[in-house]
1. Could you list which residues have their amide H under 5 Å from that of PHE167, counting only those 5 or more apart in sequence or on another chain, with H placed in the peptide plane?
2. Summing Lys, Arg as +1 and Asp, Glu as -1, what charge do residues with Cβ under 14 Å from the Cβ of LEU66 carry, LEU66 excluded?
3. Pull up the DSSP beta bridges for the range 48-128 and report the antiparallel fraction as a percent, rounded to 5.
4. Given a 1.4 angstrom probe, I'd like the percentage of the accessible area of the range 53-98 that is carbon and sulfur, rounded to a whole number.
5. I'd like to check one number: the per residue accessible area of the range 47-152, probe 1.4 Å, reported in Å² as a whole number.
6. At ALA70 and SER177, where each label point lies 7 Å from the Cα along Cα→Cβ, what is the point-to-point distance in nanometres?
7. Amide H of VAL111: which non-local residues (sequence gap of 5 or more, or other chain) have their own amide H closer than 5 Å, using H built in the peptide plane?
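The values are calculated or read from the model by the stated rules, or taken from the named source; none is laboratory data. Just so we're clear, the structure is a prediction, and the values are computed from it rather than from any experiment. Glycine also receives a Cβ, built like all others from the backbone with ideal geometry; neighbour counts cover every protein chain displayed. Just the protein is used for accessible areas: all its heavy atoms, side chains included, with ligands, DNA and RNA removed. Shrake-Rupley method; radii C 1.70, N 1.55, O 1.52, S 1.80 Å.
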Amino acid sequence: MSLRLSFTILASALFLAACDSGAGDAAQQQEQLGEAKQELAGEIDRSFAGELMPAVTVTDPTGKQLNLGALQGQPVLLNLWATWCAPCVVEMPMLDQLAATKQGELRVITVSQDMRGADVVVPFFEARQFAHLEPWLDPQNDLGASYDGGGVMPLTVLYNASGEEVFRVAGGYHWDSEEALAAIEEALKE
């Protein structure tokens, strides 16, 4: 394993460990969510276009496995998020709506990087009643570590039907914006 990769994995693990305490004052969380709604400043980045989707296996709360590298035949919007990440929480309803709007054309996959896995993700999904998102889990952060600059969340990557990256957004993003929908439509036509 290269020194750079080792450093990236270590830095990601330390970042996640520091942020995944699970304890939090409700008022502080509400304040963070309010700030995040205004600070979704992620931008579309096409500099990684052509890279293949990582062959990482994620699980759902029942233990069902999904090998991301084997997903081909349909475009995929892959979102790495966590329950403690304010911009991630703000994006989730937009991603649920996007999944509904593009059903049959685009698969929206959200993968939680919460170290406590189903213990925090299942109640999160139940409370918000997402109708189109599935609660995939990656508590070891294998998926996050597979990306250059891993550790930034949310991280959302659009892959074409061949499993090749089209673009990514590091940080929060307005997935219901005209810019987002136009970029996705353009990618789906290719």
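1. LEU158
2. Values: positive: LYS64, ARG107; negative: ASP60, GLU134, ASP138, ASP142.
Net charge in that neighbourhood comes out at -2.
3. 35 percent
4. Working: 830 of 1700 Å².
Roughly 49 percent, rounded to a whole number.
5. Using a 1.4 Å probe on heavy atoms only, each residue of the range 47-152 averages 43 Å².
6. Modelled inter-label distance: 3.7 nm.
7. ASN79, LEU80, TRP81
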